[in-house]
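Comments concern the structure below.
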Amino acid sequence: MVHPVFDNLPTTIFERMSGLARQHGAINLGQGFPDDQGPLPVREAAARALLDGSNQYPPMRGLPELRAAVAGHYGRTQGLSLDPDSEIIVTSGATEALAAAFLSLIAPGDEVVLFQPLYDAYLPLVRRAGGIPRLVRLSPPSWRFDRAMLEAAFSDRTRLVVLNSPLNPAAVVTPDEDLALLAEFCVRHDVIAVCDEVWEAVVFDGRAHRPLIGVPGMRERTVKIGSAGKLFGMTGWKVGFLCAAPPLAKALAAAHQFLTFTTPPNLQAAVAWGLEHHRAWFDEMPAALARARDRLASGLAVAGYAVLESQGSYFLNVDLAASGIGLDDVTFCERIVAEQGVAAIPVSAFYAENPVTTVVRLCFAKADATLDEAVRRLAAARTLYR
């Protein structure tokens, strides 16, 4: 028998839209991956490690040099003091890190607060662990939560809250005052925060990512999750990080050892090298992405689209209703991929209930020529669909 959590789960919207993009030969601004192959020096480090290093089991918690490099990176960029031996675990991507967190920290019947829009893996993993989701609906253009929303979601049965910042697909960075408010509720209700921070290095316009684990009262009750695939723009590498105080990390490691146990050692070694020796990337990468964001946003604005602010991640969103388009987001995305040759993602797919249905997500981590052609095609779509 198939477990009911996974029985009849639909194909993810990303797989569906990418399939339609291939079918129609469309420009794929749907799935979030860059056009280029990532920084060459880091890839060369992986090749060296594959040929010259060990290809046998690395330590379950990760190569010591990678755990030290992760601690150093977060110390330099976010002011965190993490013990690489007892507070950092290397995982096979951030999704495995999420699975380890949910399976180790949720007992059947525990309530888990989740913010919509949400990454599509959250709900099935929470439910498979026996958790009961409590959904908080965020709305454009600010995508923010407030005290009343948290009062309605938190209770004495709340075990976890999951925060994704920068938020995919909304492309916003959680403000400091919202982090402080969430911390207040976590402390009051004795709740653990699982923080999906894979986009932490991709923030724009002088912003700095602030992790919830650094907010007063949260050091001992936060699981911070990062992704080397997002840090270096190589989404297929699947090297993730779990960071937490030792008692939490011990439980996380116990789950991790029975999920994937370990991660390819050459990729771990290359990520360690990149975090220590390719520091210029962390200035160059967001600057290049900001230019691509601005190129796509300005082209869409000239074409008459209402573009929502993109503060971080690879994404920006357009508001169809404010753009004078009467179609819902799913219909619009289905039509533009088939008729105009551009794949996008309907933001309603990131909701489990009561979705926002007028916003479409576009990925701008593409070459200039690709973005320009996409703008040309989307301009034609707006003329047709008004």
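A short reminder: the numbers here are calculations on the coordinates, not readings from a lab. Everything numeric here is computed off the predicted structure, so don't read it as measured data. All Cβ positions, even for glycine, are placed from backbone atoms using ideal geometry, and neighbour counts span all protein chains on display.
Quick note on region 21-87: its Rg to Rh ratio, both from C-alpha atoms and Rh being the Kirkwood radius, is 1.14. Lysine pairs in the chain whose alpha-carbon atoms fall under 17 angstrom of each other, counting only those eight or more residues apart or on distinct chains, come to 4. Stretching the chain fully between Arg386 and Leu40 yields a gain of 120.1 nm (0.36 nm per residue, less the alpha carbon separation).
Going by a ≥ b ≥ c, the root eigenvalues of the Cα gyration tensor, does region 282-366 fall in the rounded group (a/c under 1.5), the prolate group (a/b larger than b/c) or the oblate group? Prolate shape, in that a/c is at least 1.5 and a/b is the bigger ratio.
Look at where the Cα atoms of region 298-375 and of region 143-163 average out, and the two centres are 29 Å apart. Taking every alpha-carbon pair under 8 Å whose residues sit at least 6 apart, region 329-386 reaches a relative contact order of 33 percent.
Protection proxy ranking, highest mean first, for peptides 170-180, 244-254: 170-180, 244-254, where packing is the per-residue count of other beta-carbon atoms within 10 Å, averaged.
Taking 0.36 nm per residue of separation and subtracting the Cα-Cα distance, full extension of the segment from Arg291 to Arg134 would add 52.8 nm.
Take each peptide in 160-169, 283-292, count the other Cβ atoms within 10 Å of every residue, and average; sorted highest first, the result is 160-169, 283-292.
Potential lengthening of the chain between Arg376 and Lys250 amounts to 40.1 nm, from the contour at 0.36 nm per residue minus the alpha-carbon distance. Looking at the chain, the DSSP beta bridges with both ends there are about 50 percent antiparallel. Around the amide H of Ile132, modelled in the peptide plane, lie the amide H atoms of Gly109, Asp110, Glu111, Val112, all under 5 Å away and 5 or more residues distant in sequence or on another chain. Measuring nothing but how far apart in sequence close Cα pairs (under 8 Å, 6+ apart) lie, relative to its length, region 40-277 scores a relative contact order of 32 percent. Inter-part distance, region 205-266 to region 78-128, computed on C-alpha centroids, equals 8 Å. In a reduced charge model with +1 at each Lys and Arg Cβ and -1 at each Asp and Glu Cβ, the chain shows a dipole moment near 300 debye about its Cα centre.
Counting each DSSP H run of 4 or more residues in the chain as -39500 (n - 2.57), what helix-only mean residue ellipticity at 222 nm follows after dividing by all residues, to the nearest 500 deg cm²/dmol? Helices in the chain give a 222 nm mean residue ellipticity of -12500 deg cm²/dmol. Highest mean packing comes first when the peptides 333-345, 135-147, 26-38 are listed by Cβ atoms within 10 Å, giving 333-345, 26-38, 135-147.
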